[in-house]
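The values are calculated or read from the model by the stated rules, or taken from the named source; none is laboratory data. No experiment lies behind these values; they were computed from the predicted model shown. We place every Cβ from the backbone using ideal geometry, glycine too, and count neighbours over all the protein chains shown.
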Amino acid sequence: MQSVLSVKLPVFEGPLDLLLHLIDKNKVNIYDIPIAQITNQYMEYVQAMDKEDLDVVSDFLVMAATLLDIKSRMLLPAEPGEDGEEEDPRQELVERLLEYKMYKCMARELRDRQVDAQKSFFKPETIPEEVAGYRPPVDLGELLSGLTLVKLNDIFQAVLRRQEDKIDPVRSKFGKIEREPFRVPDKIMQIVHLAAKEGRMSFRGLLAAQTGRVELVVTFLAVLELMKMGSVTLTDAGEDLILEASEELMTNTEQMAEEIALSIDA
């Protein structure tokens, strides 16, 4: 594959750049360009150019042809435009020069900003541990917005009745080995990891999955405690409530679990 060699002119990056240089050099008004004088100087530069890079030379030759066309049109009587006023053959060239000059100034400004930015250094933020660990108090009014305690209690009582219906009236009188009672802190940690894993879950389904009345009550209290901490929220979903983990709990589960454990132990 043939490689393409990019050649940049020593002074001018294109025909418009050369024209702006000639206008500045001759100290002429860009809105009233002496086209004959500028064209002659432009042609002198084109004739002295290195002809090896045809792509670059062709751009300058196209502009040379444009200048010669404008020069010849200015020697003829001016033709009126659609509005009755005489058209200036230089108008289109002037607009292109102004646009190019604007972009060139913008490029220079961006380059200066880049150079200045390299001299800027930023100090890493130093936040005290007590400030970084601060959590704003939970607004209970906002927490229970759209959620009535009556519905919360109705779901709890409904699941509790289902637990009572599971009791065998005969076998319940048999002696049995009692296992260690459920603890609210343990259930809180269990719900934290479950909520972080699921994201959203049925509140009724969570309660119904408990094995007995004691565990059901402990789970209910654990949910209320997590709501108070702002770790989970409950939203109305018709016949059910949806338990949803907070964004912070979803992204920093282990850290949140550790903080909750410390607050419970305290």
**Asked** Where residues in segment 95-128 are under 28 Å from the mean Cα position of the chain (by Cα), in a helix (DSSP H, G or I) and among the aliphatic types (A, V, I, L, M), which of them is farthest from Pro15 (Cα to Cα)?
**Response** Ala117
**Request:** From (1) over 17 Å from Gly14 (Cβ atoms); (2) at pLDDT 80 or above, pick out the condition that doesn't hold for Glu79.
**Result:** (2)
**Asked** If you check Ser120 against the conditions, is it at pLDDT 70 or above, over 30 Å from Asn26 (Cα atoms), loosely packed, with under 11 Cβ neighbours inside 10 Å and out of contact with any Leu (no Cβ under 9 Å at 6 or more places or on another chain)?
**Response** yes
**Request:** Collect the residues in segment 234-265 that are farther than 17 Å from Glu198 by Cα and polar (S, T, N, Q), keeping them in residue-number order.
**Result:** Gln255, Ser263
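Looking at segment 226-242, can you tell me whether even one residue there is part of a helix (DSSP H, G or I) and loosely packed, with under 14 Cβ neighbours inside 10 Å?
From segment 226-242, those part of a helix (DSSP H, G or I) are 226-229; that's our starting set.
Now narrow it down to the ones that are loosely packed, with under 14 Cβ neighbours inside 10 Å: 228.
The answer is yes; a qualifying residue exists.
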**Prompt:** Would a scan of segment 206-221 turn up a residue that is small (Gly, Ala, Ser), touching a helix residue (DSSP H, G or I) at 6+ places or on another chain (Cβ under 7 Å) and surrounded by fewer than 17 Cβ atoms within 10 Å (Cβ to Cβ)?
**Reply:** yes
